[in-house]
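Okay, so here's the structure we're looking at.
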Amino acid sequence: MVKLFLRESFSASIIIAVVILISTPLLIAYAFNVIPHYSHAYGGIIEFYNTSTAGGEEYVQLCPPTSPIYVNRTRLRLAYMNYLDGVSAVSFLLIGSITAYIIARPIEYRYFFIEATYGGGRLRMFLLRLSSAYMLGFISSLLGAVNLSGIMYVLNLYSGMNESFLYSLEILVLETIIAVAVASIVSLFTRSFSTSIFAILGFIALILILGTRYDPLTSIVLANRIVLKGEGVGLYVLTVLASITGSIWRADRIEY
C-alpha cells in the first residue's frame, strides 16, 4: 500500500500522458506550421548576369559578392512567441493533469486515507506523491527539451545546439515547477480528478485573460515569457510558494 503511488506514477495512463508531453514541442510545431513540410522555389538556382561592353566583350557573374549576414535573434524569438506560448500552455495542462491523477484520484476514491494510515500520515503520503509528480515532470522536461531545442535550432533562435537545449530545458523545468504546484493545491481542494482538470483549464484561461490587461501576469502560465522576456518573475515565485504552502496546509488537514 505504501508503494502504491509508485505503481500509479508508472501506470499506462501516466506513461501515455508523458509520451504526449515529451512530443508536445513537435506536435505544436506541426499544428502551427512552424517548420513547413514543403516549400516552393522559383527561378534558377544560379543566376547569370550578362553585360555587353563597348568592345563586344561579355562578363558572366555566376554569383553575387558575398557579405556577412547578421540575424537579430531577439526579434526572431519574439516573432515565434506564439509557438512558444502554445508549448508552455499545453505543457502546463498536461503536467497539471498528471499531477491531478497522482494526487486527486486517490482522494476521490478514498484509498489515499488507507494509504496514509499505513504509510505514516497524510502529509507524508502527500509529499511522496508530490515528489513523484515532480520526478515525472522533470524527466519529461529533460526529454522534451531535446525536441524543443531541435525546433529552436532549426528556426535559428539561438546560436548553437547547446544554447538551444539549455534555454529549452529552462522553459520546461519552470513550467513543471509551477504546474505541479498549482495542480497539487487544486487537487486537494476539489478532491476529484475530473473536477481538477476543469479547474486547471479555468486557471489557465483566467490568467491568460487577466494577462491581456497586465502582461507580466501571463508568466504564471507561460514560463517561456520569463526566459525570453524576463517578465513576471516575482509573480511566478509568489504563486509557486503560495501553492506549495497551501498544499502542505491542506494535506495536513484533509479529512475522509
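If you split all Cα-Cα distances of the chain into 5 Å bins from zero, what percentages do you get per bin, shortest first?
Calculated over all Cα pairs of the chain, the distribution is 1, 6, 12, 15, 15, 13, 9, 7, 5, 4, 3, 2, 2, 2, 1, 1, 1, 1, 0, 0, 0 percent.
Probe of 1.4 angstrom, ligands and nucleic acids ignored: what's the accessible area per residue over the chain, in square angstrom?
54
Under unit Cβ charges (Lys, Arg +1; Asp, Glu -1), what dipole magnitude, rounded to 20 debye, does the chain have relative to its Cα centre? Each step should come with its number before you reach the end.
On the way: 16 positive and 14 negative charges, 248 e Å.
Result for the chain is approximately 1200 debye, rounded to the nearest 20.
Tell me, in nm to one decimal, what length is gained between TRP249 and TYR118 on full extension, where the rule is 0.36 nm per residue of separation less the Cα-Cα distance?
Working: separation 131, 0.36 × 131 = 47.16 nm, distance 2.07 nm.
Gain on stretching TRP249 to TYR118: 45.1 nm.
Sorting LYS229, LYS3 by accessible area (1.4 Å probe), largest first, what list results?
Greatest to least solvent exposure: LYS3, LYS229.
Of all the accessible heavy-atom surface of the range 215-255, with the other protein chains kept in place and a 1.4 Å probe, what percent is carbon and sulfur?
Taking all protein chains in place, the range 215-255 shows 65 percent carbon and sulfur surface.
Take peptides 242-254, 97-109 and line them up by average Cβ neighbours within 10 Å, highest first, as a rough protection proxy.
Result, highest mean Cβ count within 10 Å first: 97-109, 242-254.
Å³ per residue of the Cα convex hull, for the range 201-256?
88
Sort 217-228, 189-200, 110-121, 142-153 for me by packing, meaning the mean count of neighbouring Cβ atoms within 10 Å per residue, highest on top.
On the way: 217-228: 25.1, 189-200: 18.2, 110-121: 15.1, 142-153: 20.6.
So the peptides 217-228, 189-200, 110-121, 142-153, ranked by packing, come out 217-228, 142-153, 189-200, 110-121.
Work from the charge dipole of the chain (Cβ charges, +1 for Lys and Arg, -1 for Asp and Glu, about the Cα centre) and give the residue of PHE92, ILE114, SER132 farthest towards its positive end.
The Cα lying farthest towards the positive end belongs to ILE114.
Just to confirm a number: summing +1 for Lys and Arg and -1 for Asp and Glu over residues other than PHE112 whose beta-carbon lies under 10 angstrom from that of PHE112, what do you get? List each step's numbers first, then the result.
Values: positive: ARG105, ARG110, ARG122, ARG129, ARG191; negative: GLU108, GLU115.
Neighbour charge sum, excluding PHE112 itself: +3.
The values are calculated or read from the model by the stated rules, or taken from the named source; none is laboratory data. On a predicted model such as this, the values are computed, not experimentally measured, just so you know. As a convention, Cβ positions derive from the backbone with ideal geometry for all residues, glycine included, and neighbour counts pool all protein chains shown. Surface areas here come from the heavy atoms of the whole protein model, side chains and all, with no ligands, DNA or RNA. Shrake-Rupley method; radii C 1.70, N 1.55, O 1.52, S 1.80 Å.
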